[in-house]
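Written out below as structure tokens is the structure these notes cover.
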Amino acid sequence: MKGFHFGKKVLPVIILTAIIFSSPLVAKNEAKGKLASISNQVGKGKWTIVEAWHNKCAICMKSMPDMVRSIGTYPNTKVIGVSLDGDARIAQSVIRKYRINFPTIMSNVTEFNAYVKKVANKKLTGVPTFMIFSPKGRLVAYQSGKITPKQLRAFISKQH
């Protein structure tokens with residue numbers, strides 16, 4: 001996919017402590033309030049798309065309905081959202097408004113930037129930011145900016 005940056009190293013085990021918010025459509029074992037990290041959410045035999053967003057990002061909010069509708073259309077893939085709002089009430093409001101049907105991890109710009117530096121050896125340059133991890137947990141793509149569900153599906157399909 002044009003514009004994606006491919007990682008060359010295996011995902012290190014790091015701790016990004018956050019709260020996972022779930023909609024009713026998300027698996028019960030990822031219930032609201034559970035502490036988690038991105039690192040323990042990736043891999044496990046499935047492709048993982050991580051989308052970092054902020055409630056004041058117009059592109060993020062405009063493209064969120066497409067992302068929500070596309071869940072289940074990706075081959076062997078799960079999606080994890082990362083709210084960079086730093087405020088659980090704001091994140092919950094966005095989750096309700098857009099009926100986000102994938103787990104969302106609560107974070108902030110500083111914390112997520114540190115994660116991006118460790119995992120992708122890059123600086124967070126904006127939102128939305130997408131990271132794609134292989135079924136083995138290896139970062140294979142990183143990009144800031146709008147990406148459509150069709151582009152994500154095409155990228156993952158080409159990796160098989």
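Bear in mind that the values in this text are calculations on the coordinates, not laboratory data. Because the structure is predicted, anything quoted here is derived from the model rather than measured. Note that each Cβ is placed from the backbone with ideal geometry, even for glycine, and that neighbours are counted across all protein chains shown.
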Antiparallel bridge percentage (DSSP; both residues within the range 20-159; nearest 5)
55 percent
Round to the nearest 0.05 the FRET efficiency obtained for Arg89 and Arg138 when R0 = 30 Å and r is the Cβ-Cβ distance.
0.30
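Can you sort Lys122, Lys117 by how many other beta carbons sit within 10 Å, fewest first? Write down the numbers at each step before the final one.
Values: Lys122 15, Lys117 12.
The most exposed by this proxy come first: Lys117, Lys122.
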Using a 10 Å cut-off on Cβ atoms, rank the peptides 84-90, 127-133 from the highest mean neighbour count down.
127-133, 84-90
Pairs from Lys118/Lys150; Lys122/Lys146; Lys56/Lys117; Lys56/Lys158 whose Cα-Cα separation, in the structure shown, is over 25 Å:
Lys118/Lys150; Lys56/Lys158
Treating cross-link reach as a plain straight distance, find the aspartates and glutamates whose alpha-carbon is under 16 Å from the alpha-carbon of Lys123, omitting any fewer than eight places away in the same chain.
Glu51, Glu111
When Arg99, Arg153 are ordered from fewest to most other Cβ atoms inside 10 Å of their Cβ, what list results?
Arg99, Arg153
Please give the contour-minus-distance gain from Lys97 to Lys150: 0.36 nm per residue of separation, less the Cα-Cα distance, rounded to one decimal in nm.
16.8 nm
